[in-house]
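The structure appears right after this line, and notes come after that.
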Amino acid sequence: MNWTETLGTSWAAVRSHGLRSLLTVLGILIGIAAVILTVGLGLGTQKDVSSQISSLGSNLLIVSPGSSTDSSGVRGGFGTSATLTAADATALDSDVNAPDVAGVAAEKSTSLALEANDTNWTTTVTGTTPSWLDVRSRELVSGEFITDDDEASSAAVTVLGSETATELFGTTNVVGQTVTIDDRSFEIVGVLASAGSDSSSNLDDLAIVPLSTAATQLIGGTDSASVSTIYVKAASDTQLAAAYQEAQTVLLNLHSIGSADDADFTISSQNALVDTATSIYQTLTVLLTGIAALSLLVGGIGVMNIMLVSVTERTREIGLRKALGAPPWAIRRQFLVEAAILGLTGGVLGAVLGCGAALLLPGVIGSSIVIAPAAVALSIGVAIAIGLVFGVYPATRAARLAPIDALRSE
């Protein structure tokens, strides 16, 4: 028999037991779909995280208040003390102290109620400096950002996030209107372009005011000079490590701390977030791939069992073909092709199921799933290989049958 005849005969044998063949490839089908979804979910998660990181700036350092030690020698938790001040931000924004730093913006934030046109909305009110827009890589959809004059005069002006403006006014076209923040009237001078959200907050739901205004009118108190966060923008991605070292050295000197281990502040970067997300993704990928591999193993065992049953059922056919001169390799090829067809069928159906789920699930789980053509092609190849590998024993057993014994079989 030539290859065309072998393929035709094998396909006919598989189709003759359609339900049994479908149940045989079910394990392979589920495994292939799981592999495609696992890879797609991992790639989608990386894409989402990278997009969030890009929206914040890949060359951004975040300085936060660190642990403190009280009189009993007990170290408090992260952010338990107000250890950062506007003076720290000023010192970091110096070509002499930190030549690899391109910009610095201090923040002082709290949650306050805003009111406009009898509409109330509670959001994050952030006091900061004019450099914030560039340091945070944000853009305006209308109006202008706070200026140096606003900061110097503690002006009652604000820049709203797009979602905040929509919640209060029903539109983002609000420049020139007035909003009440904590019972104080502020003029809206600008509206930020939409930026989505990061791991901890909605970047579109906030109100920006001058740092001096926040300290003297909104978020003063006993720590009016303190700030909650200092954002440091490195001159470039390649200078991020140098900017980190410079920022750490400057702050340690300002706070009279001799060792970085005793620092009362914490410096983190977007790269650290990417590394953490990537590590989690890799762990989940290994776990889910292991589960998918078990499903493929079960599917492969199913192929072997069915092929062994097929050999038993077709013993007389094998004996007749051998008696007519069919060599062992022809018999072996026949059963290997049947096993490969089962694997291919499971692979194709699994790929269709996996791709279909990848298109439907993002709307349900709220996470992107990227269909990788290479993963789909590789999965189908693996499915065929499983069929071949688990079909070797049944095919070899069929090829070794003696013609006389096969013909005498009932």
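Worth pointing out:
- Scan of region 281-324 for residues that are among the small types (G, A, S) and under 22 Å from I384 (Cβ atoms), ordered by number: G290, A292, A293, S295, G299, G300, G302, S310
Let's see how each residue does on (1) touching a Ser or Thr at 6+ places or on another chain (Cβ under 6 Å); (2) surrounded by fewer than 18 Cβ atoms within 10 Å (Cβ to Cβ); (3) of a type in the set (S, T, N, Q); (4) not assigned by TED's automatic domain parsing to the domain that holds L26:
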| residue | (1), (2), (3), (4) |
| --- | --- |
| G325 | no, yes, no, no |
| G346 | no, no, no, no |
| P362 | yes, yes, no, no |
| S379 | no, no, yes, no |
| A383 | no, no, no, no |
| P394 | no, no, no, no |
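- Criterion (within 47 Å of the chain's Cα centre (by Cα) and open to solvent by 50 Å² or more (accessible area, probe 1.4 Å)) met by exactly one of V337, V303, V298: V298
- All conditions in (1) assigned to a helix (DSSP H, G or I); (2) more than 19 Å from the chain's Cα centre (by Cα); (3) at pLDDT below 80 hold for G42, with the sole exception of (2).
- Residue satisfying all of: in region 229-262; among the aliphatic types (A, V, I, L, M) and closer than 9 Å to N59 by Cα; surrounded by the most Cβ atoms within 10 Å (Cβ to Cβ) among these: V232
- Candidates I371, I384 - the one that is over 21 Å from T9 (Cβ atoms) and of a type in the set (A, V, I, L, M): I371
- For the condition closer than 17 Å to L133 by Cα and either open to solvent by 50 Å² or more (accessible area, probe 1.4 Å) or out of contact with any strand residue (DSSP E or B) (no Cβ under 7 Å at 6 or more places or on another chain) (or both), A207 does not qualify.
- Scanning region 327-346 finds no residues that are in a loop (DSSP other than H, G, I, E, B) and either in contact with a Leu (Cβ under 9 Å, 6 or more places away or on another chain) or hydrophobic (A, V, I, L, M, F, W, C) (or both).
Residue-wise test of (1) open to solvent by 60 Å² or more (accessible area, probe 1.4 Å); (2) without any contact (Cβ under 8 Å) to a residue 40 or more places away in the chain; (3) on the phi > 0 side of the Ramachandran plot; (4) of a type in the set (D, E, K, R).
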| site | (1), (2), (3), (4) |
| --- | --- |
| V96 | yes, yes, no, no |
| A113 | no, no, no, no |
| T129 | no, no, no, no |
| R138 | no, no, no, yes |
| A152 | yes, no, no, no |
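- In a residue-by-residue description of region 176-192, the property of being closer than 26 Å to D48 by Cα and surrounded by 14 or more Cβ atoms within 10 Å (Cβ to Cβ) applies to at least one position.
- Restricting attention to region 204-248 and to residues that are within 33 Å of the chain's Cα centre (by Cα) and among the β-branched types (V, I, T), the residue that is farthest from V141 (Cα to Cα) turns out to be T238.
- Contacts under 8 angstrom Cβ, first residue in region 386-400 being among the charged types (D, E, K, R), partner crowded, with 18+ Cβ neighbours inside 10 Å, 6 or more apart: R397/V311
The values are calculated or read from the model by the stated rules, or taken from the named source; none is laboratory data. None of these values were measured; they are calculated from a predicted model. Cβ coordinates were reconstructed from backbone atoms using ideal geometry, including for glycine residues, and neighbour counts include every protein chain displayed. To get the accessible areas, we keep the full protein, side chains included, count just its heavy atoms, and leave off ligands, DNA and RNA. Shrake-Rupley method; radii C 1.70, N 1.55, O 1.52, S 1.80 Å.
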